[in-house]
Amino acid sequence: MAERLRSLARRWTGATPVLAVVLLAFVWGRSLPVPVVAVTSVVLAGAVLSAVHHAEVIAHRVGEPFGSLVLAVAVTVIEVALIVTLMAEGGAKGPVLARDTVFAAVMITCNGIVGLCLTLAALRHRLAVFQSEGAGSALATVGTLATLSLVLPRFTTSRRGPQFSSSQLVFAAVASLALYGLFVTTQTIRHREFFLPVSRGDGAFGGGEAGGGEAGGDGGHPEPPSRRRAWTSLLLLACALVGVVGLAKSVSHAIESGVTSVGLPHAVVGVIIALLVLLPESIAATRAARRDQVQTSLNLALGSAMASIGLTVPAVAVASFWMSGPLVLGLGPTHMVLLALTLVVGTLTVVPGRATLLQGGVHLVLFAAYLELAVTP
C-alpha cells in the first residue's frame, strides 16, 4: 500500500509541472474569466507543491547547502525574467516595480519565512538551533546588498529623485553580482560546513557537529535518489517554477481587480504576487524547520533574499539602458525604517546560534507590520 501511494505521488508530482506549463501557454497574456481563474489557481497550487517535492529530491541527492541554493536561484532567475517582462510593458508601476518586488521579497523572507521557521522549531523542539557563522554571513550580505541597492539611491544627488546615475547603477550591479558570487563560493566551497544543519549532540547547541541527514532524528538515513531521478526532478522543478511564476502573473489581473474593488492600494498586488512566487521556498523552509533543520530553513530564506537583490539589480540595470522611463530604486522613509529594524533584529537573532519562541514572534510581528503598512500606508 505504501509503495502504491509513493508511486501515485511520483506520477502526480511529475504530471503537474507539465500541466502548469501547458496551461500557461493557453492563458498567458489573456483576460481570464472567473472559472478559468479558479482552475488556474488550483494548478498553481499543485505546481507549488510539485516544486517543493522536486527541490527536496535534488537536495537529498546533492546535499546541503547545494539543495537550498538550487531552489533559491531557480525561483529568483524566473522571478527576474518576470520583472523585466513587466517593466518592458510599461505602465505606471514600471519605474518602481523592481524596487517594490525586491523589498517585498526581503520582508517576506527575512521576517515572514524566518519568523515562521523559528516559531515552528521553538514550539516543536523548545530551541531553534543553527550555525551563527553561516546565518550571520548570509544576513550581513543581505544587509549590504539591500543598503547599496535600495537605500543609497534615496540620498545620492547625481540625479533628481531616488535614482542612481548611470555610473552608480553600473557600480551597484557589479557590486551585487560580486557579493553574491563571493557568498555562493563561501557557502558551497570555502566554508560549506557553516551552512549545514546542526546536530544537537549532547547539548552543544552553538558548536555541535553539522549533519546532512535527518537532524536530531532517529538515525535513519534513506538512500539518496539516483542520478537519473535527480536530473528528472531538476527538469520538472524548472517546469514547475515557470508554471508558478507565469500562472501567478496570469492571475495578477484578477488579483488587481479584486484589490481595487475593495479599495486597497495597488502595492498590495505586488505583495500578493511575491507571496505566490516565494511559496515553494516558504513550504520547503517550514518543512525543514519541523524536522529541526533550521539551518536549511535559513539557507532558503536568506539565500532567496540575497538572490533576489543580487540577480534582480544587475538584470534591471542592463534592461534600463534599452527601456524608456526612469528606474526608481530608493525606498521611502517608512520602508527604510522597516529594513533597518529588520537587520538589527536579525543580527540579534542569529548571533547566539539559537533562538527561542520570542525571536520568532518578533520577526512575525515585523512582517505583520510590513503587511499592515502595505494595506494602509
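The values are calculated or read from the model by the stated rules, or taken from the named source; none is laboratory data. Source: prediction; values computed, not measured. All Cβ positions, even for glycine, are placed from backbone atoms using ideal geometry, and neighbour counts span all protein chains on display.
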Matching option when the condition is of a type in the set (Val, Ile, Thr) and surrounded by fewer than 15 Cβ atoms within 10 Å (Cβ to Cβ), among 114, 174, 84, 106:
174
Considering every residue within region 327-347, establish whether at least one is surrounded by 16 or more Cβ atoms within 10 Å (Cβ to Cβ), hydroxyl-bearing (Ser, Thr, Tyr) and either modelled with pLDDT of 85 or more or under 20 Å from the mean Cα position of the chain (by Cα) (or both).
yes
May I ask you to list the residues in region 22-36 that are buried (at least 17 other Cβ atoms within 10 Å of the Cβ) and either touching a Cys at 6+ places or on another chain (Cβ under 9 Å) or without any contact (Cβ under 8 Å) to a residue 60 or more places away in the chain (or both)?
36
Select, from 344, 316, 328, 362, the only residue that is of a type in the set (Val, Ile, Thr) and farther than 22 Å from residue 151 by Cα.
362
The listed residue being assigned to a helix (DSSP H, G or I) and touching a Phe, Trp or Tyr at 6+ places or on another chain (Cβ under 7 Å), out of 348, 338, 343, 329:
338
Elements of type helices (runs of 4 or more DSSP H) in region 195-314, at least 1 residues being closer than 18 Å to residue 45 by Cα and at pLDDT 80 or above
227-250, 267-277, 279-290
